[in-house]
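Structure record follows, encoded as structure tokens.
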Amino acid sequence: MVTMKEIAEEAGVSIVTVSNVIHENYNRVSAENIEKINKLIEKYHYVPNSNARSLAMKKSRIIGVVIPNVNDDENFMKSPFNAEIIGILEKVIREADYYLMVRSVNKTIDAIPLISSWNVDGVVFLGAFKEDVVAIKKRLTLPMVFVDTYGENLDFVNVGSEDMQGGYLATGYLIGKGHENIAFVGPSISGEGVINERYLGYEKAMKEHGFEDNIKVVSVGSTSFEAGIEAAKKIAFLDADITAVFATADILAIGIMEGLRQLGKQVPDDVSVVGFDNLPESVYCCPKLTTISQNMDLKAKTIGKTILSMVNDKEERTSATSIKVDVDLIERNSVSSRK
């Protein structure tokens, strides 16, 4: 394999000149030499050493992603949400000639010593809590973007969805279809976060239509298909005659539909179900799931462009901002009318 030195000798220039052309520092190189060197690079299929290139540019061209709340024996890619957002984000990062490095941790703060030893240009944190942000910002100074993190008066950059609006849209849609006894199903609500925001939207819609006495919350241990099946059993044994369910995630909603089927109930004839995410799985199930779309493609692209902007512009690193992506109701076949 040809070396940079050999290209320099054949072109009749210095190694520094070849390096400048490789790194696109053209201000000190003549047009003639640029053309000559590029032809030799193409002729010999020369590939610059990535480590040397990183040192020259003082960048690793690596963006880290931290996924919290993952046990040691758990596969984080089994989560449809993780798989979808990581897949789109990787494409955005790759198209900018960067690389994505992913690490799952049990607690978000477990990533602090890891990141301190990583040679990354920036980090994206999925689903960190407010207290995590405070601890992280005390220890790390590199560009960081948090995803779906809620907290007032915190100095950080966050990209999220209009979660409260999504809960409001889903519940209002069910009410518009004639449902009054609507259950909210999701992980236990503990302080600020996406689950709480979606619940507040549900609660707001129920109260606005005079159904505050019908508010029912079914808590699950995780956002999973299996947790949805268990939630269906709880719904079946509630005193209230539940005719509709708003679930905080598609995978949970699909599990609920399967659990109801196992109990001999039909969706949507007996119980209507609305999810949240609009993942591909919501189309594959039967019936096809009515859901709230997070506009995942736009959300992941926003995350990627925001972290890259912070990496490449020092002024962007000091600005705290909260970017919220709009949500939409996607109507399919899992809701029936009670009118």
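Data for the structure
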item	result
At R0 = 35 Å, FRET efficiency that the Cβ-Cβ distance of Thr321 and Trp118 yields, to 0.05	0.90
Within straight-line cross-link reach of Lys43, lysines at Cα separation under 27 Å, skipping those fewer than 8 residues along the same chain	Lys5
Compactness of segment 64-181, expressed as Rg and Dmax over alpha-carbon positions, Å	16.9, 56
Net lengthening on full extension, Asn312/Met101 (0.36 nm per residue, minus Cα-Cα)	74.1 nm
Convex hull of segment 221-305 built on C-alpha atoms - directionally averaged projected area, nm²	5.8 nm²
Kirkwood Rh, angstrom, the chain [1 / mean 1/r, Cα pairs]	22.5 Å
Accessible area (Å², per residue) of the chain, counting only protein heavy atoms and a probe of 1.4 Å	50 Å²
Asn71 paired with Asn25, simple spin-label distance in nm, labels 7 Å along Cα-to-beta-carbon	5.2 nm
Nonlocal amide H pairs with Lys216, under 5 Å, H built at 1.01 Å	Phe184
Mean Cα-pair separation over length for the chain, i.e. relative contact order, pairs under 8 Å, 6 or more apart, %	16 percent
Cut-off under 5 Å, modelled amide H: who pairs with Thr149 long-range	Val159
For segment 145-281, convex hull of alpha carbons as volume per residue, Å³	111 Å³
Within a Gaussian network of the chain (alpha carbon springs, distance under 10 Å), most fluctuating of Phe81, Phe156, Phe237	Phe237
Selection from Thr149, Gly166, Ile182 lying farthest towards where the dipole of segment 103-198 points positive, charges on Cβ	Thr149
Amide H partners (placed H, <5 Å) of Ser293, local residues excluded	Asp277, Asp328, Leu329, Ile330
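The values are calculated or read from the model by the stated rules, or taken from the named source; none is laboratory data. Computed from a predicted model, the values in this text were never measured in an experiment. No Cβ is skipped: glycine too gets one built from the backbone with ideal geometry, and neighbour counts run over all protein chains shown. Side chains included, ligands, DNA and RNA excluded: accessible areas come from the protein's heavy atoms. Shrake-Rupley method; radii C 1.70, N 1.55, O 1.52, S 1.80 Å.
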